[in-house]
1. Being crowded, with 18+ Cβ neighbours inside 10 Å, free of Cβ contacts under 8 Å to residues at least 40 places away in the same chain and within 23 Å of Ala214 (Cα to Cα) is true for just one of Ala299, Ala279. Which residue is that?
2. Considering only residues that are surrounded by fewer than 23 Cβ atoms within 10 Å (Cβ to Cβ) and assigned to a loop (DSSP other than H, G, I, E, B), which ones fall in the stretch 226-254?
3. Out of the residues in the stretch 109-131 meeting the condition of being assigned to a loop (DSSP other than H, G, I, E, B) and either in the same structural domain as Trp176 (by TED's automatic domain parsing) or of a type in the set (Asp, Glu) (or both), tell me which one is modelled with the highest pLDDT.
4. Give Phe149, Phe144 a once-over and let me know the one that is modelled with pLDDT of 80 or more, in a loop (DSSP other than H, G, I, E, B) and in the same structural domain as Leu198 (by TED's automatic domain parsing).
5. Right, Phe326: at pLDDT 90 or above and more than 23 Å from Ile210 (Cα to Cα) or not?
6. Take Ser18 and tell me if it is surrounded by 13 or more Cβ atoms within 10 Å (Cβ to Cβ), among the small types (Gly, Ala, Ser) and not in a strand (DSSP E or B).
Amino acid sequence: MAYRWETPASVWLEDEASAQFELASSAGLSRIDWQVQARGRLPDVAHLLGASLPSACRCAPIYPEGFAFCPTCGRALARLDEQRKNRPDWWGPWSDQFLPRHVPHGLAVTSLPLGDSLEERPPAPHVGRAELSMPAPPNAHCVFAAGAFGFPVQRLIALAHTRNVLQYFDPLAGLWHVMAAEEYAADLAFTASEYAWLPVQNPRRGEVAIVPTATGLCRLVINPVSETYRTEAIFDATLASAPGAMRRHVACLFNTSGGTRLWSALADLSGAVLYDCAAPAGGYTRPIGYDGRLYWLHAEGQLIWQPGAPPRWLPWPQGWSPRLSFGGPTQSRDGRLWLAGHAAQSYSFIELGKDNPQFEAISGARLG
């Protein structure tokens, strides 16, 4: 026989003989496989759920949310639901772009240390740099995201988007866990263009982001207790690019038998609108949002979209080739965006978003 304990977000079962607690269900999470998965990660699960942990007794390894005292011996418990800390989410180095105003001419605008941007070897330690390192995920070439995802604490996930592998980091154990796909979950692999996912504002429990896949846009939802994930379809199509967001709109390029088109919708994914655009079928950089417009850069040109207007495809001028590997656009002090490229025997910057762009030559061995 088991006693049933209900908290605002979860249902727990207490074994009458052993006084051990088992999580039966929790809001926003799919089926809980407590015996197989969660029992080896009780400290991490307790922090995720805001449950209580023993501090002076061994009657049970975990207690439901809100428990302040052990019901067996009466000793005080450590309530993790009172230790919530609000930290900003982090979605990879690309999310730190366009923060500083003044940067060396020719370098991508970013808040990352200069050594991290230019050097492949680890830069010399300095004040403020972490002295500890965490293990690399077992499947490399990942995109990372650190966020609460609707839980009381932040956690780090890594998606190997070329191999369809989603990984979750347990900071208390210092281990990576490969999350298994639930039934009917979409394949998370996406290689048509550079990868980018869209964070969700005010996510429900377990909701991570809107992610691109080979078959369309999906909403990614994780269950870190059972180490599984599921997807919810948003837009079914063969995607040509990663999605981007501008103000209250989201947009993405996709391919049809008649060519490339642009799909857009409001932030709540309602009011979808489709546009035709004569653009390549893949090979775009992650979208860049600036000055009310989204930019998808390509080796052959740039696609620009402003909410409420048709997209524009602007090929690069004859004889000029972009250098997309240089780190993306550079912002000038007057607020314009520039992209480095090569023409004939010299490098130059081209102004983005213009039908007749301005060029600025780059002289010297060093960009600047």
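The values are calculated or read from the model by the stated rules, or taken from the named source; none is laboratory data. No experiment lies behind these values; they were computed from the predicted model shown. Don't worry about glycine lacking a Cβ; one is built from the backbone with ideal geometry, like all the others, and counts go over all protein chains shown.
1. One residue alone meets the criteria, Ala279.
2. Within the stretch 226-254, Ser226, Glu227, Ala237, Arg247, Arg248 qualify.
3. My answer is Glu131.
4. Phe149
5. No.
6. no
Here is a yes/no grid of residues against (1) farther than 19 Å from Val250 by Cβ; (2) without any contact (Cβ under 8 Å) to a residue 24 or more places away in the chain:
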residue: Leu303; (1), (2): no, no
residue: Trp320; (1), (2): yes, no
residue: Leu324; (1), (2): yes, no
residue: Ala340; (1), (2): yes, no
residue: Gln358; (1), (2): yes, yes
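Matching residues to (1) on the phi < 0 side of the Ramachandran plot; (2) modelled with pLDDT under 90; (3) not assigned by TED's automatic domain parsing to the domain that holds Gly244:
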| site | (1), (2), (3) |
| --- | --- |
| Gly292 | no, yes, no |
| Leu297 | yes, no, no |
| Trp305 | yes, no, no |
| Trp320 | yes, no, yes |
| Ser332 | yes, yes, yes |
| Gly341 | yes, no, yes |
| Ile350 | yes, no, yes |
| Ser363 | yes, yes, yes |
| Arg366 | yes, yes, yes |
